[in-house]
Structure formats: structure tokens, C-alpha cells
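The values are calculated or read from the model by the stated rules, or taken from the named source; none is laboratory data. Because the structure is a prediction, the values reported are computed rather than measured. Every residue, glycine as well, gets a Cβ built from its backbone with ideal geometry; the counts of neighbours run over all protein chains shown. Side chains are part of the model used for accessible areas, which takes the heavy atoms of the whole protein and leaves out ligands, DNA and RNA. Shrake-Rupley method; radii C 1.70, N 1.55, O 1.52, S 1.80 Å.
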Amino acid sequence: MDLIRQEILNCTKCELCKGRIHAVPGEGAINARIMFVGEAPGQNEDQQGIPFCGASGKLLDLMLESISLKREDVFITNIVKCRPKGNRDPEKIEIDTCSKYLKRQILLVNPKVICTLGRFSMNLFFPDFSISKVHGQIFKLSKFKIIPLYHPAVGLYKDSMKETLFSDFKILKQFTTIKPKEFS
Ligand code: URA
């Protein structure tokens, strides 16, 4: 994971490297049972180099707490590791290039379940899915289980979506029994 991290921090494979303060490789337990995959770093993440460290990250922390987990029990990352300027949507070429790092991270962590946060991340695994139809359900993809979840940002402005997020999170309790040993 340290090698992947270094590669990401030094990556110049796409244009996003030009506008970044920090690349954001991801963090958490390298043997986590649950992995979260968001879209791309926002302004706070770009400034600090830490995934989900802004307002949506605070909500993610609360959702983790609701199932008795802490950040260091899971692995949190994004499809795209550098901030798209102005928080625009990542482009296909950026997703195609950067998701190679994500694939290596997934194979290394080897989680029981991958929770996609938002549409972009879900569409990486299931291009035809619609988040409003499949959120909170478990799907099998090779040896992994994938649970599409709404992006926490949607819960910041709408209480009903916050309730949906917390309710969908309960399905993760079945994967929380064994605590990972390492944090890196
Ligand atoms: N939104 C994301 O998708 N990822 C982050 O790290 C922060 C906000």
C-alpha cells in the first residue's frame, strides 16, 4: 500500500496533477472488511490530503459511529485521487486512468464488501445501475460484495436523505464482526 501511495502522490498521468495541492490516496486498515469508494477529493481533501475530511466526511464518520465503527476500522478512498477543479465531475479519461490505482488498492485490501458512495463510484462497477433503485442492496461481483450507497453529501441538505443514508448503513453491521489489526 505504501508503494501505491507513493505512486499516487507522484502521479502525473492526467491533467488533474497540475491543479492539485495534495493527491489523496486514501486511508484506513489495509486488511479492512469494508471499503468505501467515493468520487474524488473536494477542496478540503485537496488541502489536507485526507479523504472525506470535510462536511460529507463528518457525516460519514457519524454513519460509521452508528454501526460502532471508526474510520480506522475501514478503508476509505476515491475513484479519482486528485481534485477536479471547482469540484466538476471527473471525466472518463481521468476515471479510466486513476481507477487503475483503485483496482490495486481493492486487490490489496481484499475487503468483504465495497460500498460505493454516489453514482460515479457505483457506475464504475455497474454502469447501468440507477442509484435510486439499488441503494442499500447487496450485489455480488466476482469475489466481492458491492453495496451502492448514496453519496453522504446528499444527506447534508435533505433530512430525508440523511435518514435513508443511516438506514442503508445498517446493512453493513453483518460485516463488522472481526476488527482489522492494522492501520496505515
Ligand atoms: N467527496 C468525495 O467523493 N470524496 C471525498 O474524499 C470528499 C468528498
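A few notes on this one:
- Taken together, the criteria exclude residue 93 from residues that are surrounded by 18 or more Cβ atoms within 10 Å (Cβ to Cβ) and in contact (Cβ under 8 Å) with a residue 12 or more places away in the chain.
- Taken residue by residue, the range 126-147 has no member that is within 26 Å of residue 29 (Cβ to Cβ), open to solvent by less than 60 Å² (accessible area, probe 1.4 Å) and touching a residue at least 40 places away in the same chain (Cβ under 8 Å).
- Selection status of residue 32, crowded, with 23+ Cβ neighbours inside 10 Å and within 16 Å of residue 94 (Cβ to Cβ): no
- Residues (part of a helix (DSSP H, G or I) and open to solvent by less than 10 Å² (accessible area, probe 1.4 Å)) located in the range 60-90: 60, 63, 64
- Selection count, the range 5-26, where residues are surrounded by 18 or more Cβ atoms within 10 Å (Cβ to Cβ) and farther than 16 Å from residue 83 by Cβ: 0
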